[in-house]
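Have a look at the structure below, then the notes.
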Amino acid sequence: MAARINYSVQNTLCLLNPFNYSINAKTTHFKTGINFSKNLIFPRKLKSPMFCTCATSNNDLQSSEPAETFVLTTPLYYVNAPPHMGSAYTTIAADAIARFQRLLGKKVIFVTGTDEHGEKIAASAAAAGSTPSDHCDVISQAYRTLWKDLEITYDKFIRTTDPKHEGIVKEFYSRVLAKGDIYRADYEGLYCVNCEEYKDEKELLDNNCCPTHLKPCIERKEDNYFFALSKYQKQLEENLTRNPKFVQPPFRLNEVQSWIKSGLKDFSISRASVDWGIPVPNNNKQTIYVWFDALLGYISALSAENEQPDLQTAVSSGWPASLHLIGKDILRFHAVYWPAMLMSAGLDLPKNVFGHGFLTKDGMKMGKSLGNTLEPNELVHNFGSDAVRYFFLREVEFGSDGDYSEERFINIVNAHLANTIGNLLNRTLGLLKKNCQSTLVVDSAVAAEGNALKDTVEKLVEKARIHYENLSLSSACEAVLEIGNAGNAYMDENAPWTLFKQGGAASEAAAKDLVIILEAMRIVAIALSPVAPSFCWRIYEQLGYSKDHFNTVTWSGTKWGGLKGGQVMAQPKPVFARIENKTELEDEAATKKPVKSKQKKPQAQVAAEA
Ligand code: MSP
């Protein structure tokens, strides 16, 4: 503590005068006994909080260089049933990555959408007593609604029943045909309708059951068009040798390499028995295989609304994708079939394919076909989108499987968002209100000179950046949470509430401590915003910033020094309402009148230490 204050806070303020107000001799006296220039802290005409306009680098995108483009895709979801938490998981992860890339200043094109053709969709429409087209409209809309509730900031939503997509699929098919890579043959094999895929007998369980869907595969014999995948074996191998990072995480590369090594078989790309699909050019008795059709959605999505939709213009609007995010069950389609199709059509390959793990329930993949799903709308309704996003990204290591438990969900979000971050912010603002009229006494850069917390925060935020870059989303969250832990430790060690009571230099030191902790909170608000955007906005708002400021902040805003002396914080208000767990609710219900909602109203945090 000794080295922390060796000059007057008031002098520092006068020297910095960040808002360029004239400073006169009049001073206002805070309870702490620290004197501040009245004009500097409370300019009479300024009713709203003073916003920081410098050093958080909202301007650092103003370079003449065009922004690098980052094209990111989720799978296009089957519309056989409304979305479940497993489908939401990929999209939440994609959204966090998209938001992070935007913070880096890149021009992001975030593509998602729905996969609407094929036997499985036709069957689910029939089961629902609907036409395929009406059924697709309803379910596709359910996806969009969920994405809105989860604050998914996609740029393009493609439906494979969109006519512009259909045109591009036909054009692509014709290119591959012209290349000599499509031929006609009979096929006989075991088909899993849920996977929409012919299976190799040796992959199947007893009774020819699909290992993912646990349902028997059906014997099929068809006259189909085939894609000459085997022709691309060598090129695919070479691609992986040249670019081993093509498949992520690294442990999935071996799987892909061994599929290729074991010998690639040509696969059928049309169906004679399925009407609900895009007709094969020059043979309307067959429709294009749903996977051949859907993968092209990644390209057709890129074409602009008002643009003549053709393959070349769509490609020139952003292809190749920087990253395909997918679940591990569809890795073969993305890391083997799709690159070969692109090679055949003479198009560039995506730069990366990342295969994440499954959300499981009792160890089984959560899914529509098994009926063991978790309802995302319910989770969002009960706990809010920040909690849902944070929990799944923090708790499940991206790339591995993860099991859900409500108890764990509640414990994690309460401990991390409500306590470690929310409570620290609230305590600090409470102390600032009580002792400094909610006003920062000095620039955070000055307050933290030689301060160890600043170094810790700088290291942790850099760690978070690297983890985001590597798609280690859980570790990125962990690094940001560590900032909160370090802030809490700092608060407890320095006990500013005691220092304020001592007055004089001790009070000045305490006022600086609050600035330091709030600056750490500001950095948390930027660094965690890809994962929990509304939560982070609420933190930002508490620090006296405008929504515009938050919306335009970039990653370089995580540099220490954004908060300036004179900045007025908002009235302390909890930024995350603690979730009551069931046991507490049940106890409460047993003694009091029934409780309807699981989420308690925001509890006032300890406003200021006594
Ligand atoms: N329509 C195809 C994708 C075509 S992409 C051109 C498809 N659709 S799907 O709806 O069945 O699955 C979409 C994504 O959701 C896949 O990446 C799949 O792995 C993911 N998930 C479905 N259930 C999941 C879990 N239980 N856990 C995590 N992700 C899961 O496949």
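The values are calculated or read from the model by the stated rules, or taken from the named source; none is laboratory data. Bear in mind the structure is a predicted one, so any value in this text is a computation, not a measurement. So basically every Cβ, Gly included, is an ideal-geometry build from the backbone, and we count neighbours across all protein chains shown. Ligands, DNA and RNA are stripped out before the accessible areas are found, and what is left, the full protein with its side chains, is counted by its heavy atoms. Shrake-Rupley method; radii C 1.70, N 1.55, O 1.52, S 1.80 Å.
Here are some notes:
- Rounded FRET efficiency, nearest 0.05, which uses the C-beta distance separating residue 251 from residue 551 and R0 of 51 Å: 0.85
- Largest-first ordering by accessible area, 1.4 Å probe, given options 174, 322: 174, 322
- The alpha carbons of the range 423-532 stretch over 48, 26, 22 Å along the principal axes, in descending order.
- For the residue pairs 148/368; 512/559; 148/454, the C-alpha atoms sit more than 27 angstrom apart in 148/454.
- Distance between the range 226-285 and the range 454-488 - C-alpha centres, whole angstrom: 39
- Length gained when the stretch residue 307-residue 489 is fully extended (0.36 nm per residue, less Cα-Cα span): 59.9 nm
- The convex hull defined by the C-alpha atoms of the range 359-445 has an orientation-averaged projected area of 8.4 nm².
- Convex hull volume per residue in cubic angstrom - Cα atoms of the range 293-362: 99
- Computed in the context of the full set of protein chains, the accessible area of the range 514-573 at 1.4 Å probe radius has 50% of its extent on carbon or sulfur.
- Applying 1/(1 + (r/R0)^6) with R0 = 45 Å to the Cβ-Cβ distance of residue 261 and residue 405 gives a FRET efficiency near 0.70.
- For 550, 100, the ranking by accessible surface with the largest value first comes to 550, 100, using a 1.4 Å probe.
- Alpha-carbon Rg with Dmax, taken over the range 142-218, Å: 18.5, 47
- Dividing the Cα radius of gyration of the range 423-487 by its Kirkwood radius returns 1.08 for Rg/Rh.
- On the beta carbon distance between residue 381 and residue 153, with R0 = 30 Å, the FRET formula returns roughly 0.90.
- In this simple spin-label approximation, residue 316 and residue 364 carry label points 7 Å from Cα along the Cα→Cβ vector, and these lie 5.1 nm apart.
- Counting Lys and Arg as +1 and Asp and Glu as -1 over every other residue whose Cβ lies under 13 Å from the Cβ of residue 346, the net charge comes to -1.
- Shape category assigned to the range 151-297 from the gyration tensor of Cα positions, a/c cut at 1.5: rounded
- A crude spin-label estimate for the pair residue 581 and residue 201, with each label 7 Å from Cα along the Cβ direction, gives 5.1 nm.
- Computed over protein heavy atoms with a 1.4 Å probe, the accessible surface of the range 63-156 works out to 34 Å² per residue.
- For a paramagnetic label modelled on residue 69 (point 7 Å from Cα along Cα→Cβ), amide N atoms under 11 Å away are absent within the range 137-157.
- Judged by the ratio a/c of the largest to the smallest principal axis of the C-alpha gyration tensor, the range 301-341 counts as prolate, that ratio being 1.5 or greater while a/b is larger than b/c.
- Packing, taken as the mean count of other beta carbons within 10 Å per residue, orders the peptides 273-284, 110-121, 205-216 from highest to lowest as 110-121, 273-284, 205-216.
- For the range 84-124: rounded, prolate or oblate by the Cα gyration tensor [a/c cutoff 1.5]: oblate
- Electrostatic bookkeeping for residue 75 treats Lys and Arg as +1 and Asp and Glu as -1; over the other residues with beta carbon under 11 Å from its beta carbon, the sum is -2.
- Neighbours of residue 101 by Cβ distance under 12 Å: Lys/Arg scored +1, Asp/Glu scored -1, total +1.
- Over 25 Å apart at the Cα level, from the set 170/245; 328/463; 215/351; 120/170; 459/501, are 170/245; 328/463; 215/351; 459/501.
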